[in-house]
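Reading through the structure tokens given below for one structure.
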Amino acid sequence: VERLDNIPPDVLRQREAKWLDMLNSWDKWMAKKHKKVKLRCQKGIPPSLRGRAWLYLSGGKVKKEQNQGKFQELDSQPGDPKWLDVIERDLHRQFPFHEMFVARGGHGQQDLFRVLKAYTLHRPEEGYCQAQAPIAAVLLMHMPAEDAFWGLVQICEKYLPGYYSAGLEAIQLDGEILFALLKRVAPVAHRHLKKYKIDPILYMTEWFMCAFSRTLPWASVLRMWDMFFCEGVKIVFRVGLVLLKCMLGSQEKLKACQGQYETMELLRSIEPRYMQEAFLVQEVSPTHIHLSFGTCMH
């Protein structure tokens with residue numbers, strides 16, 4: 001699997017041309033050649049078209065067209081002070097080294113505030129959840145505020161429904177599903193986590209709620225999101241399984257972490273090689289996942 005930054009310029013131009021063709025006749029491609037779209041998402045969306053592609057893949061473009069003027073209407077409302085204070089406090093924590101968000105009160109932080117505030121007005125019964133801020137920030141790095149708002153709506157309502165509601169039932173349920181899948185792909189890791197009574201909610205909450213945007217290196221985040229927007233939450237599950245298998249998948253690796261605290265520390269500092277773009281994309285691809293994640297063991 002190649003890294004996107006290693007692709008020769010002429011190959012990238014060809015890919016851009018193919019993606020432009022797809023985006024310009026999107027409905028036809030989605031209806032008749034979805035497999036091809038999926039394959040191209042796995043190869044990585046060309047950076048110049050990523051924002052547009054994410055919006056199309058997520059269904060955010062259609063949502064925006066069906067609700068013309070809706071974002072502007074929400075944007076012009078004052079919003080609920082209890083949410084505004086919490087959002088305001090979170091703004092400077094999102095990607096503080098990124099040029100968009102580095103300045104307090106700068107355009108990036110302002111747009112982030114607008115998008116998150118609009119969501120609390122769109123879904124007052126849900127309000128705001130901290131994990132929505134990094135999601136919205138990643139979207140804003142790739143698209144204007146209105147598009148980012150509809151992208152956020154799609155993630156919260158279609159891709160990860162219930163994740164950002166107060167009770168966290170949806171994330172707990174997915175934690176249990178992740179744990180059951182782990183038993184199949186990495187029985188050693190499963191036994192270890194069970195032995196020390198390490199509840200999935202302890203290690204997978206930030207992974208899943210932030211769609212790995214606060215865990216993986218940036219190049220890997222973008223590639224995972226390319227696949228996530230095409231294939232849905234199963235990509236998040238696969239990444240989680242790869243990391244657990246790689247970090248806890250052999251007796252050798254477990255020697256050093258006999259205990260709940262030691263295990264949690266290990267999962268907080270995942271080895272960089274397991275998070276590299278080329279490695280992860282290969283491990284997460286469907287052909288590989290069934291082959292019991294062979295490469296982690298070496």
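Computed quantities for the displayed model
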| quantity | calculated |
| --- | --- |
| Residue within the range 45-66 that is buried (at least 16 other Cβ atoms within 10 Å of the Cβ) and among the hydroxyl-bearing types (S, T, Y) present | yes |
| Residue among R50, R89 that is part of a helix (DSSP H, G or I) and touching a residue at least 24 places away in the same chain (Cβ under 8 Å) | R50 |
| Extreme residue, most open to solvent (accessible area, probe 1.4 Å), among residues of the range 254-278 that are over 23 Å from M227 (Cα atoms) and of a type in the set (S, T, Y) | Y261 |
| Odd one out for Q260, checked against (1) closer than 19 Å to R223 by Cα; (2) in contact with a Phe, Trp or Tyr (Cβ under 6 Å, 6 or more places away or on another chain) | (1) |
| Where Y261 falls short, out of the listed (1) hydroxyl-bearing (S, T, Y); (2) part of a helix (DSSP H, G or I); (3) touching a Leu at 6+ places or on another chain (Cβ under 9 Å) | (3) |
| Among residues of the range 93-107, those that are without any contact (Cβ under 8 Å) to a residue 40 or more places away in the chain, in contact with a His (Cβ under 8 Å, 6 or more places away or on another chain) and either within 18 Å of S213 (Cα to Cα) or surrounded by 15 or more Cβ atoms within 10 Å (Cβ to Cβ) (or both), counted | 1 |
| Residue match in the range 53-61 (condition: in a helix (DSSP H, G or I) and among the hydroxyl-bearing types (S, T, Y)) | yes |
| Some residue of the range 122-132 being among the charged types (D, E, K, R) and within 22 Å of F229 (Cβ to Cβ) | yes |
| Matching residues in the range 75-86 - criterion: being surrounded by 13 or more Cβ atoms within 10 Å (Cβ to Cβ) and touching a residue at least 40 places away in the same chain (Cβ under 8 Å) | D75, G79, D80, W83, V86 |
| Scope the range 15-34; condition farther than 14 Å from S58 by Cα and of a type in the set (D, E, K, R); matching residues | R15, E16, K18, D21, K28, K32, K33 |
| Test: residue in the range 21-34 that is of a type in the set (S, T, N, Q) and exposed (fewer than 13 other Cβ atoms within 10 Å of the Cβ) | yes |
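The values are calculated or read from the model by the stated rules, or taken from the named source; none is laboratory data. No experiment lies behind these values; they were computed from the predicted model shown. Positions of Cβ are generated from backbone atoms using ideal geometry, with glycine treated the same way; all protein chains shown enter the neighbour counts. The protein model used for the area step is the full one, side chains on, heavy atoms only, and it has no ligands, DNA or RNA in it. Shrake-Rupley method; radii C 1.70, N 1.55, O 1.52, S 1.80 Å.
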